[in-house]
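Values quoted throughout were computed directly from the atomic coordinates according to the rules given, and no laboratory measurement underlies them. As the structure is a computational prediction, the values presented were derived from the model and not from experiment. With ideal geometry, Cβ positions are generated from the backbone for all residues, glycine too; neighbour counts draw on all protein chains shown.
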Amino acid sequence: MNILWNTFGLIGLASCLAWVAAACLLAVGFLARDRFAAWLKAAACALAGVILATVISASIRTIEIDRSAEVQAAEAAGAKAAREKLRSRAADIRFAEDTAADQADIAGVSVAEEQGAYERAVEERLAKIPAYRGRGKQRRSTKSGAASAATSDAELPGDAGDSSDSGEPAEPEKKPAVRMLPESQLIVADRYDRINRGVAWSLLSIALGLVGIEYLKRFNSTFDAVWPLPLAGTWVDGSFPKAHVVDEAAANLLPDFLARSVRKGESFILFAEGDPLPGRDALPRCAIGPLHWDLPKRTFNAAELQADPKLAEIVFESAWFGRGAFVVAGGGTAADAVLSGMVAILVRRHHCRAAARRTVNFIWALPQPPAAATVDELRCLCSQMNLRLVVIPS
């Protein structure tokens, strides 16, 4: 534990706590109703654990191996071997009062010979160093000519001299302190560091994967999408099953459903008594800061579209290609006729195996139900042509 505390410290402890919290949140997410929120928190905790693990890993990489104990042991073994070699040369004559020096002298070996070879080499090297080199780096005088010669003759190497000529001695540069640990301890720290980083990265990958799966699953749901983005398309539609026919929908969910369907990249044609989003000529498809991507929204009277089939076809084509969202206001036979005409267009298009690139929502929110034959035909086409029929009972 002392090794881990000295190497990991509080940052390493915080990293472990972060990924432990992430693991707990991942487990809770399988049992919680709102899995997306739990797994999103787990991903945030795992990301914090990865960042802290990376920081402490970089700190551990700066630790160097301390071999001072090994050097001392090697020197001690060498000195012992040298002493044994010298003593083997001593005479076999032994007296009870003899010391180690007496035993060496008997064999003609002085006490200096018992001194280690390393110590003798150091003393010999120091004796050869000139005295003037022991004073360090000196500044040369700026004077020239005779004055310079006189000054050099007057000032001996051992004299203090004028402090103004020599200047202040430069301070030695301070080297940054380097953390050192024995190799055995550093191996243990490195092993736990790899485990810490591996667990943190694994949990982050799992959490992000679960968040992505849950996001796409709820994206394909009718009313439960979170943070919708304009990602609607065939690859998203094929990821998870989608409800193409919704018979029982609450009327109070209609405004949110329309706004979310547009933000997902879809379009809609709503049959209702009035516009549930009055005063809005466009719905936001995507908004990032000052940048806005809006989808135009238009309201037409059902009788007007019934009287002008070309205008009704323009409404259908614009919704089919995702270029607009439309509200058909007014009930009665006019709304039935408009819906029947659009279904007839869909039947002709189905013969060519055509399908909408992005889901087109047909929402019926009128008090009277639509014609049974028209609705049955539309139900059969929804799953094959990437359409969604939503019926809101009165």
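Computed from Cα atoms alone, the Kirkwood hydrodynamic radius reported for the range 183-256 is 16.0 Å.
Would you mind checking Lys217/Lys297; Lys217/Lys264; Lys264/Lys310; Lys242/Lys310 for any pair whose Cα atoms are more than 24 angstrom apart? Flagged as over cut-off: Lys217/Lys297; Lys264/Lys310; Lys242/Lys310. Full extension of the chain segment joining Ala81 with Leu208 gains 39.4 nm, where the gain is 0.36 nm per residue of separation less the Cα-Cα distance.
In order along the range 14-19, phi translates into HN-Hα couplings of 5, 5, 5, 5, 5, 6 Hz, rounded to whole numbers, per the Karplus curve 6.51 cos²θ - 1.76 cosθ + 1.60 with θ = phi - 60° and x for Gly and Pro.
Could you calculate the contour length gain from Gln72 to Asp294, that is, 0.36 nm times the residue separation minus the distance between their Cα atoms, to one decimal place in nm?
Details: separation 222, 0.36 × 222 = 79.92 nm, distance 7.68 nm.
That works out to 72.2 nm of additional length.
Sorted ascending by nearby beta carbons within 10 Å, beginning with the fewest, Arg298, Arg358, Arg191 become Arg191, Arg298, Arg358. For the range 234-391, the relative contact order is 31 percent, taking Cα pairs closer than 8 Å that sit 6 or more residues apart in sequence and dividing their mean separation by the residue count. Remark: Asp336, Asp294 ranked as Asp294, Asp336, counting other beta-carbon atoms within 10 Å and listing the fewest first. In this label model, Leu10 and Ala250 are separated by 4.8 nm, measuring between points 7 Å along each Cα→Cβ vector.
Database remark: amide H of Leu283 closer than 5 angstrom to the amide H of Leu295, Lys297 (H placed geometrically; neighbours at sequence offset of 5 or more, or on other chains; Pro and chain starts carry no H).
Extension gain, Thr62 to Leu311, is 82.3 nm, computed as 0.36 nm per intervening residue step minus the present C-alpha separation.
The amide H of Asn301, built 1.01 Å from its N in the peptide plane, has Ala329 as neighbours under 5 Å, considering only residues 5 or more places off or on other chains. Projecting label points 7 angstrom from Cα along Cα→Cβ for Trp201 and Leu31 puts them 3.2 nm apart.
Ranked for footprinting exposure by Cβ neighbours inside 10 Å, fewest first, Met342, Met385, Met180 give Met180, Met385, Met342. Debye-formula intensities of the range 234-391, expressed as log10 I(q)/I(0) at q = 0.11, 0.13, 0.14 Å⁻¹, are -0.40, -0.57, -0.66 (one equal scatterer per alpha-carbon, no solvent).
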